[in-house]
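Report on the following structure.
The values are calculated or read from the model by the stated rules, or taken from the named source; none is laboratory data. Model, not experiment: these values are computed from the prediction. In this analysis, Cβ positions are derived from the backbone assuming ideal geometry, glycine residues included, and neighbour counts consider all displayed protein chains. Protein only, heavy atoms only, side chains kept; ligands, DNA and RNA dropped before computing areas. Shrake-Rupley method; radii C 1.70, N 1.55, O 1.52, S 1.80 Å.
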Amino acid sequence: MKRVIVDHFGGPEVLRMVEEEDPRPGPGEVRVKVLAAGVSFTDSQLRAGTYIPGGPKPPFTPGYELVGVVEEVGPGCSRLRRGDRIGALTVWGADADRVCVPEAGAVEVPGDLDPAEVLSLVFTYMTAYQVLHRIAMARRGERVLVHGAAGRVGTAALELGAVAGLRIFGTAAARDGAAVERLGAVAIDYQNEDFLARVRDLTGGEGVDVVVDSLGGPLSLRSFRALRPGGRLVVFGRYNTLTDGHKNWPAVIEWYAAIAALWVWAKLSPRRSAMPYSIQKFREAAENRPGAVGGVPRYPEWFREDFGVLIELLRRGEIHPVVAERLPLSEARHAHELLESAATKGKLVLQPDAIEDAG
């Protein structure tokens with residue numbers, strides 16, 4: 001098999017390709033021929049070493065999610081069969097042409113859908129859906145502020161919010177304001193406007209019911225002030241911890257200090273709440289062996305149920321995952337170099353140079 005590896009933390013230049021023997025699935029695993037693997041900001045955090053504590057140490061293979069076809073079923077598997085098309089949240093390990101994933105965390109993918117489009121449902125749309133509906137428990141008619149509204153998770157939150165009948169405000173750069181408003185949200189130019197003052201003005205001084213915060217750090221403290229009584233802030237990102245693709249230590253320290261202050265403030269505030277969200281958990285005793293992956297969905301039952309909902313929304317044309325570019329696995333480094341410029345254009349997808357369905 002071919003796989004991408006990170007042999008030391010750093011920028012896109014640390015990525016390289018290796019060829020090894022095909023992996024064999026362990027107990028409870030299936031071996032999958034990869035049809036599409038996503039490249040996301042989280043992958044750049046893994047590569048740079050700024051991911052949350054517990055992330056992989058080099059050498060490892062990046063790749064947070066995949067869609068593929070089951071080639072071999074390991075001992076103890078009972079649900080999946082050879083030839084099944086599946087999606088999996090891997091956290092790391094997906095950037096290869098063959099991967100072993102836990103059967104328990106895999107979801108079945110209809111064979112008539114584009115694997116690259118479905119890939120966005122596994123991580124991007126799933127994150128937005130669970131933040132809105134599983135964590136914040138947003139209700140029709142509520143006001144929601146989405147930070148980074150022109151990014152991939154932000155765009156997904158705008159589309160899903162429109163389906164759910166939410167009133168959305170989205171922060172974005174001025175150049176992206178029209179795109180945000182085409183999705184039914186009120187755009188707030190975070191570069192030239194004070195988003196907190198603007199939210200208060202738009203809501204008659206009341207504030208919003210929910211803040212979807214994929215950025216974190218000092219921004220979260222100001223976002224907490226945007227909540228009305230009963231409001232919920234959901235924090236799930238640390239965007240500013242990278243500079244030019246490399247770890248920014250002052251920003252990392254600032255992020256953790258601000259989040260610690262936020263949790264204290266939230267504990268002392270009986271009428272508003274701040275909640276963390278993480279879509280994944282690390283595999284217990286995860287092996288950093290070639291072909292293995294590092295994580296599974298935190299709540300597998302939620303994941304399977306919510307994936308079914310997202311598939312139906314995709315079929316009905318109510319959500320529109322956008323693929324910015326499809327690149328061969330050999331161009332993983334270039335895909336990471338494109339991450340910043342592609343953030344508002346759609347999903348970057350790696351696909352093996354030759355794709356053949358198994359069965």
Inset, instruction - Can you confirm whether the stretch 31-48 contains a residue that is part of a loop (DSSP other than H, G, I, E, B), farther than 17 Å from Glu108 by Cβ and at pLDDT below 95? - result: yes
Inset, instruction - Hey, can you tell me all the residues within the stretch 255-271 that are aliphatic (A, V, I, L, M), closer than 17 Å to Pro229 by Cα and open to solvent by less than 50 Å² (accessible area, probe 1.4 Å)? - result: Leu262, Ala266
Legend entry - Residues satisfying the stated conditions in the stretch 138-182, i.e. surrounded by fewer than 21 Cβ atoms within 10 Å (Cβ to Cβ), assigned to a loop (DSSP other than H, G, I, E, B) and of a type in the set (A, V, I, L, M, F, W, C): Ala164, Ala173
Inset, instruction - Report, ordered by the first and then the second residue, all pairs with beta carbons closer than 8 Å, sequence separation of six or more or different chains, a first member in the stretch 56-74 that is touching a residue at least 12 places away in the same chain (Cβ under 8 Å), and a second member that is open to solvent by less than 10 Å² (accessible area, probe 1.4 Å) and among the charged types (D, E, K, R). - result: Thr61/Asp95; Pro62/Asp43; Pro62/Arg47; Pro62/Asp95; Gly63/Asp43; Gly63/Asp95; Tyr64/Asp43; Gly74/Glu29
Inset, instruction - Consider only pairs whose beta carbons are under 8 Å apart and that are at least six residues apart or on different chains; among these, list those whose first residue lies in the stretch 335-359 and is part of a loop (DSSP other than H, G, I, E, B) and whose second residue is open to solvent by 30 Å² or more (accessible area, probe 1.4 Å) and modelled with pLDDT under 90. - result: Ala343/Phe41
Legend entry - Which numbered condition Arg289 fails, given (1) charged (D, E, K, R); (2) open to solvent by less than 10 Å² (accessible area, probe 1.4 Å); (3) not in a helix (DSSP H, G or I): (2)
Inset, instruction - Go through the stretch 62-95 and give me each residue that's under 17 Å from Gln351 (Cα atoms), open to solvent by 10 Å² or more (accessible area, probe 1.4 Å) and assigned to a loop (DSSP other than H, G, I, E, B). - result: Trp92
Legend entry - Conditions (1) open to solvent by 50 Å² or more (accessible area, probe 1.4 Å); (2) of a type in the set (A, V, I, L, M); (3) within 19 Å of Lys347 (Cβ to Cβ); number of the one not met by Val34: (1)
Inset, instruction - Quick one: which residue in Ala88, Ala48, Ala37 is farther than 18 Å from Ala292 by Cβ, in contact (Cβ under 8 Å) with a residue 40 or more places away in the chain and not β-branched (Val, Ile, Thr)? - result: Ala48
Inset, instruction - Being in a helix (DSSP H, G or I), of a type outside the set (D, E, K, R) and open to solvent by 40 Å² or more (accessible area, probe 1.4 Å) is the filter here, so list the residues in the stretch 192-240 that pass it. - result: Ala197, Leu202, Pro218, Leu219, Leu221, Tyr239, Asn240
Legend entry - Complete set of residues in the stretch 43-70 that are under 18 Å from Gly217 (Cα atoms) and either among the hydrophobic types (A, V, I, L, M, F, W, C) or touching a Lys or Arg at 6+ places or on another chain (Cβ under 6 Å) (or both): Gly49, Thr50, Ile52
Legend entry - Count of the stretch 96-115 residues which are part of a helix (DSSP H, G or I), at pLDDT 95 or above and of a type in the set (Gly, Ala, Ser): 0
Inset, instruction - Could you please find all residues in the stretch 300-324 being within 17 Å of Tyr64 (Cβ to Cβ) and open to solvent by 30 Å² or more (accessible area, probe 1.4 Å)? - result: Pro300, Val323, Ala324
Legend entry - Selection count where residues are open to solvent by 10 Å² or more (accessible area, probe 1.4 Å), under 16 Å from the mean Cα position of the chain (by Cα) and among the aliphatic types (A, V, I, L, M), scope the stretch 96-137: 1
